[in-house]
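What follows is a single structure, written as structure tokens, with notes after it.
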Amino acid sequence: MESANLQQLKRGTLEMILLTFIADGRCRYGYAILNELERAGGAFFQAPKAGSVYPVLYRMEEKGWIVTDPAHIRQKQYHITAKGKEALKQMREEWSGYTAAVTHLLEGGQ
């Protein structure tokens, strides 16, 4: 069972990770995204649950960050939009600054 802290960290980064997968073409289908998350995420993303991933995909679709390809009706194929690319760029910049600040603070803030 994972800790509440780890669950919070994963919840806070899942949109950025999924947008990255879709943007770089690594995977575009929900099932492929689940598999890639488990494969590339190491011990921190073992056995990801569809109940965690699909709501995030739907939310990103509602925000206009991703769209589905109407030619793939049986299996939704996701594509990033210009709005999604901008959101991802901002997330990555914020993540970079945030992780650098946290690392600095954990190392004594000198």
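FYI, it's all coordinate maths here, none of it is from the lab. Remember, predicted model here, so these are calculated numbers, not experimental data. Ideal geometry is used to build each Cβ from the backbone, glycine not excepted, and the neighbour counts take in all protein chains shown.
Which of these values of semi-axes √(5λ) of the Cα gyration tensor in Å was calculated from the structure shown: [x] 41, 17, 13; [y] 27, 18, 11; [z] 22, 16, 12?
Label of the calculated value: [y].
Testing the spin-label approximation: label points 7 Å from Cα along Cα→Cβ at Tyr98 and Thr20. State their distance in nm.
Rounded to a tenth, the inter-label distance reads 1.3 nm.
With springs only between Cα atoms under 10 Å apart, run a GNM on the chain and tell me which of Ala23, Ala40, Ala87 wobbles the most.
Ala40
Please tell me the relative contact order of the chain in percent, rounded to the nearest whole number, where contacts are Cα pairs under 8 Å and at least six residues apart.
Averaging sequence separation for qualifying contacts and normalising by length gives 25 percent for the chain.
What aspartates and glutamates sit close enough to Lys89 to cross-link, taking a C-alpha to C-alpha distance under 14 Å and skipping anything fewer than 8 places away on the same chain?
By straight Cα distance, Lys89 reaches Glu15, Asp24.
Which residue fluctuates most in the GNM of the chain (Cα springs below 10 Å): Thr13, Thr99, Thr81?
Looking only at Thr13, Thr99, Thr81, the largest GNM fluctuation is found for Thr99.
Once R0 is set to 25 Å, what does the formula 1/(1 + (r/R0)^6) return for the Cβ-Cβ distance between Tyr58 and His79, expressed as a FRET efficiency to the nearest 0.05?
In this case the efficiency is close to 0.95.
Pop a pseudo-label 7 angstrom from the Cα along the beta-carbon direction at both His72 and Leu106 and give the gap in nm to one decimal.
It is 3.5 nm.
Report, to the nearest 10°, how far helix 4-23 tilts away from the longest principal axis of the Cα atoms in the chain, using its own Cα long axis and a range of 0 to 90°.
50 degrees
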